[in-house]
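Here's the structure we're looking at; comments come further down.
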Amino acid sequence: MAILSVEELEKSFGDRQVLRGISFRAEEGDVVSVLGPSGTGKTTMLRCLNALERPDAGRVAIGSVSVDFRHASKKEVRALRRQSTMVFQNFNLFRNHTVLENVMDGLVYGKGMTRAEAEPLAMEELARVHMEQAAHLYPAELSGGMQQRVGIARALAPRPEVILLDEPTSALDPELVGEVLDAIRKAASLGITMIIVTHEMRFAEQISTKVLFMAEGRVVEEGPPQQIFHHPEQEKTRQFLRRMLEREQEG
Amino acid sequence: MTFDIHVMASAFLYILPAVPRTVLLAAFVLGAGIVLGAGIAVLRIGRHRILNPVLAVWVSFTRAVPAIVQIFIAYYTVPFLLAPVLSAAAGAEVKPFDVSPYWTGCLLFILYHAAYQSENIRGALLSVPKGQYEAAMSIGMTPGQARLHIVFPQALSVVLPTFFTYYLHALKALALLFTIRVVDIFSAADIYAALVSRRTEPYAADALVYWMLCLILTAGYHRLEASLTRRGRAG
Ligand SMILES: Nc1ncnc2c1ncn2[C@@H]1O[C@H](COP(=O)(O)OP(=O)(O)OP(=O)(O)O)[C@@H](O)[C@H]1O
Ligand SMILES: [Mg+2]
């Protein structure tokens, strides 16, 4: 049984169709990297999985919750949203809460724990990303890399079925990318299923169990990283990888 | 005519009892205006098809027309509207001209401040990045929890300084109520001037009272602000 399955997801903004029937599956423990040119709909697809963006049509099933977006009630959508958490490109840590509170919030409000129950669990997650020293600081007092590590701890704490990550390192200065990638590796080693939109090709190749290449609102090609990175079948995939590798060598 | 410092001193003492009354009245009308204004701001952000335009017109009217004009309009209409309500509440007939101008003034200023504060609060709510709300939803908060614990506190730290500025305005605007016989700091000075038949000293004493009050309130506000900043709310 797949832990995540997406069928024929469609989404338009006005008369511009951004997602043109996306389908894929992830098994428990999979790390799925989503690659593709800018403006292809990767962010939109990820935001449809937790209904921050409401798809026009299609089905998303995570864990035990399955939602057909053509006729989904608010209650179903909320149940689906509770199956996942998200790591944002620009962190979006709660600015009025301390680091510790940020990690506790999902346990207290999402899972209904008491603060006394939530605090040790939150501290454990902070330790995992080496941020326990900063527990009582506010996000504004942290570097981008530190904020994103807290973002990962916050997403990890409620132990969702799936964690969705949208370009978690692309807002960071290059020297801060490594510490965040390490935190993601640690999260992956817990066996939690992850969907990562990323432009970090080498990282994607190392960490993924599965790679999805998207272009123009469709999944063009999918497969294990070996296949996608070394023996891509589609011309579009080849072109994209060539361009990305050139850029990585320049940078 | 010479300036008599003794007249000023006794005017000062005559005015002082009006200070607590005025300070509290300003806090009350602004506080009620803020609560009402917050409701209006939330409704307007919700873009209700009928309520939003109606509220927009009313807010624009209230902010455009000088307070003194609104006071005159209110003084000649509100008692006629309030009289039946008060009659029903008291169980005996209350005539429009028995309705205290105090209540007319209160009601008017509450609505007046609500109009200004709704815009103020709307701006503050919209200044909280959408990502804050989305992050709250993404970790399982309900929309109500996301607003209560994440969006509103952040908006509050944005508007708190402007609330204080408006409070000083609210305090001074109450002086306009002398036109409808409500005794605030300014009306007290006016009455005293009539009693002693001198003008300069009572009004000078009045200005001094306003000034000192403003300094004291500002100092108090800065202390409050400093303690909130320490708790990271204003960051
Ligand atoms: N809320 C929105 N309203 C209107 N158009 C939108 C909205 N969000 C995204 N789009 C459009 O949808 C298209 C896909 O955007 P999306 O952000 O999903 O692409 P992406 O693959 O994540 O790109 P990138 O690699 O640059 O992040 C773009 O043309 C974008 O302008
Ligand atoms: Mg994107």
* To do: Considering only the stretch B:1-84, give the helices (runs of 4 or more DSSP H) lying wholly within it that have at least 1 residues that are of a type in the set (Lys, Arg).
  => B:18-45, B:51-64
* Asked: Restricting attention to the stretch A:47-105, which residues are hydroxyl-bearing (Ser, Thr, Tyr) and either within 12 Å of chain B (Cβ to nearest Cβ) or under 17 Å from the mean Cα position of the chain (by Cα) (or both)?
  -> A:Ser84, A:Thr85, A:Thr98
* To do: Among the residues of the stretch A:142-171, count how many are away from chain B (no Cβ under 14 Å) and more than 16 Å from the chain's Cα centre (by Cα).
  => 4
* **Close pairs (7 angstrom Cβ cut-off, 6 or more residues apart or separate chains): away from chain B (no Cβ under 14 Å) in the stretch A:31-46, among the charged types (D, E, K, R) and more than 6 Å from ligand 1 (Cβ to nearest atom) anywhere** => A:Val32/A:Lys210; A:Thr40/A:Glu216
* For the stretch A:17-26, name all the residues that are more than 15 Å from ligand 2 (Cβ to nearest atom) and either surrounded by 17 or more Cβ atoms within 10 Å (Cβ to Cβ) or without any contact (Cβ under 8 Å) to a residue 40 or more places away in the chain (or both). => A:Phe24, A:Arg25, A:Ala26
* Structure fact -> Among strands (runs of 3 or more DSSP E) completely within the stretch A:190-251, the ones holding 1 or more residues that are in contact (Cβ under 8 Å) with a residue 12 or more places away in the chain and aromatic (Phe, Trp, Tyr) are A:210-215
* Can you pull out the residues in the stretch A:20-33 that are away from ligand 1 (no atom under 16 Å from the Cβ) and either over 17 Å from A:Pro160 (Cα atoms) or in a strand (DSSP E or B) (or both)? -> A:Ser23, A:Arg25, A:Ala26, A:Val31
* Structure fact -> When (1) within 14 Å of chain B (Cβ to nearest Cβ); (2) away from ligand 2 (no atom under 16 Å from the Cβ); (3) surrounded by 13 or more Cβ atoms within 10 Å (Cβ to Cβ); (4) not small (Gly, Ala, Ser) are applied to A:Val180, the one that fails is (1)
* Select from the stretch A:183-200 the residues that are within 16 Å of ligand 2 (Cβ to nearest atom) and crowded, with 19+ Cβ neighbours inside 10 Å and write down the one among them that is farthest from A:Ser5 (Cα to Cα). => A:Glu200
* Unique residue being under 28 Å from A:Glu221 (Cβ atoms), more than 12 Å from ligand 1 (Cβ to nearest atom) and surrounded by fewer than 23 Cβ atoms within 10 Å (Cβ to Cβ) when the list is A:Ala51, A:Ala72 -> A:Ala51
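Read-outs: derived from the displayed coordinates by stated rules, not from any lab. Computed from a predicted structure; not experimentally measured. For neighbour counting, all protein chains shown are included, and Cβ atoms are generated from backbone atoms with ideal geometry for every residue, glycine included.
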